[in-house]
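S.K.: Have a look at this one before I ask anything.
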Amino acid sequence: MDKSASDAAAGLAEEPVIASKTPFRAELLEGYRYAFCACGLSNYQPFCDGSHTSSKAGIKPIIWTQDKDQTVLLCGCKHSAKMPICDQSHRKL
Ligand code: FES
């Protein structure tokens, strides 16, 4: 059994790819639906472009409808504990 197969068998998730070691500033608009890239593979950071489907990690985007106009720092390293918002985890990588 190769490593990825044994990890899958053990239920271990693969790590997301670090897209950026700094967060992405984004102006989010009330009523818009967003899909945040959680896998790090998107070429349209910080948002999902469907590239996660080519990953074996099984990581899916975080999707939500924005409830108010808001400027936020979205996680670029994909390791935030407050996804999709940056919690400064990139400083520990
Ligand atoms: S491309 Fe990363 S979650 Fe969709």
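The values are calculated or read from the model by the stated rules, or taken from the named source; none is laboratory data. In this text the structure is predicted, and so the values were computed from the model without any measurement. As a convention, Cβ positions derive from the backbone with ideal geometry for all residues, glycine included, and neighbour counts pool all protein chains shown.
S.K.: Scanning the stretch 83-93 for residues that are in contact with a strand residue (DSSP E or B) (Cβ under 7 Å, 6 or more places away or on another chain) and of a type outside the set (Val, Ile, Thr), which turns out farthest from Glu27 (Cα to Cα)?
M.R.: So the residue we want is Met83.
S.K.: How about the stretch 62-82: which of its residues are within 20 Å of Leu29 (Cβ to Cβ) and surrounded by fewer than 18 Cβ atoms within 10 Å (Cβ to Cβ)?
M.R.: Ile62, Ile63, Trp64, Thr65, Gln66, Asp67, Lys68, Asp69, Gln70, Thr71, Val72, Leu73
S.K.: Now a separate question. Kindly provide the set of residues from the stretch 22-71 that are within 26 Å of Lys92 (Cβ to Cβ), out of contact with any strand residue (DSSP E or B) (no Cβ under 7 Å at 6 or more places or on another chain) and small (Gly, Ala, Ser), ordered by number.
M.R.: Listed by number, the residues that qualify are Gly40, Ser42, Ser51, Ser55, Ala57, Gly58.
S.K.: Here is a further query. Could you run through the stretch 59-93 and say how many residues are of a type in the set (Asp, Glu) and touching an Asp or Glu at 6+ places or on another chain (Cβ under 7 Å)?
M.R.: 2
S.K.: Please work out which residue is farthest from the chain's Cα centre (by Cα), limiting yourself to the stretch 29-66 and to residues that are more than 9 Å from the ligand (Cβ to nearest atom) and at pLDDT below 95. Quick ask: steps written out before the conclusion?
M.R.: Restricting attention to the stretch 29-66, the residues satisfying the condition of being more than 9 Å from the ligand (Cβ to nearest atom) are 29-34, 46, 56-58, 63-66.
Filter once more, keeping what is at pLDDT below 95: 56-58.
On the way: Lys56: 15, Ala57: 12, Gly58: 12 Å.
Looking at the filtered set, the residue picked out is Lys56.
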